[in-house]
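Let me begin by presenting the structure, written as structure tokens, before commenting on it.
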Amino acid sequence: MDQHTVKERKLKTEIHFKNAIRKDLVESVRQLHEWQERLNTIHNIRKEKKLRRTVARYREYIEDMREFLDPLLDELEDSIKAEMSFSEEEIGQFREEVKEDSKLAAEAREAFDRIRAAAEKAEDKKLTPEELAALKESYSKAWRAFRLEEHRLEEAREELESEKVDREIFKRELKRIQVERHFIKEV
């Protein structure tokens, strides 16, 4: 169960948007290079003139994309760094919750085991119907408490794993941003 905060979802959406722009930029640069190669082989003056205008216009488009992508990379990098530091605190908080839930689950398990042992002893003895009903009720309550604590503990563990995965995704994205910066400078 991946429970993401609003910030994490927004950040992942921004990463997706940035990747789409970068993909478009790469495809545009590839197309520009193809047209430049074609310019060298054209012998028709009118077609060459038309293609030169297209290449010039496309260069402007690529430059606009570069100018748009550069501040976007800066903003995304800052957002990721801010989220990662927030995630560190959040991971620590989840670890504490897991410890607390583990303790509560252990206590519920002990209560369940005590009541089960009392029920087994009660089978040997003759109990009144009221005592037997009270014992069954306490047994059932202990079982529910144990299952509830076990479920909460499992949710906390899953969220902790989700945070670790998000952290790795954000680390890889920071590395990719550095590569993209280099690519933008080279274009």
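The values are calculated or read from the model by the stated rules, or taken from the named source; none is laboratory data. Fair warning: this is a prediction, and the values are worked out from it, not measured in the lab. Counting neighbours? That spans all protein chains shown, and the Cβs are built from the backbone with ideal geometry, glycine included.
Points worth noting:
- Among the residues of segment 132-187, those identified as among the acidic types (D, E) and farther than 19 Å from E100 by Cβ are E137, D166, E168, E173, E180, E186.
- Contact map, segment 151-180: first residue closer than 20 Å to L73 by Cβ, second residue in a helix (DSSP H, G or I) and of a type in the set (K, R), Cβ cut-off under 7 Å, separation 6 or more or different chains; pairs are E180/R22.
- Residue-level check: of (1) assigned to a helix (DSSP H, G or I); (2) modelled with pLDDT under 85, L72 misses just (2).
- S87 vs. criteria at pLDDT 65 or above and either assigned to a helix (DSSP H, G or I) or surrounded by 12 or more Cβ atoms within 10 Å (Cβ to Cβ) (or both): no
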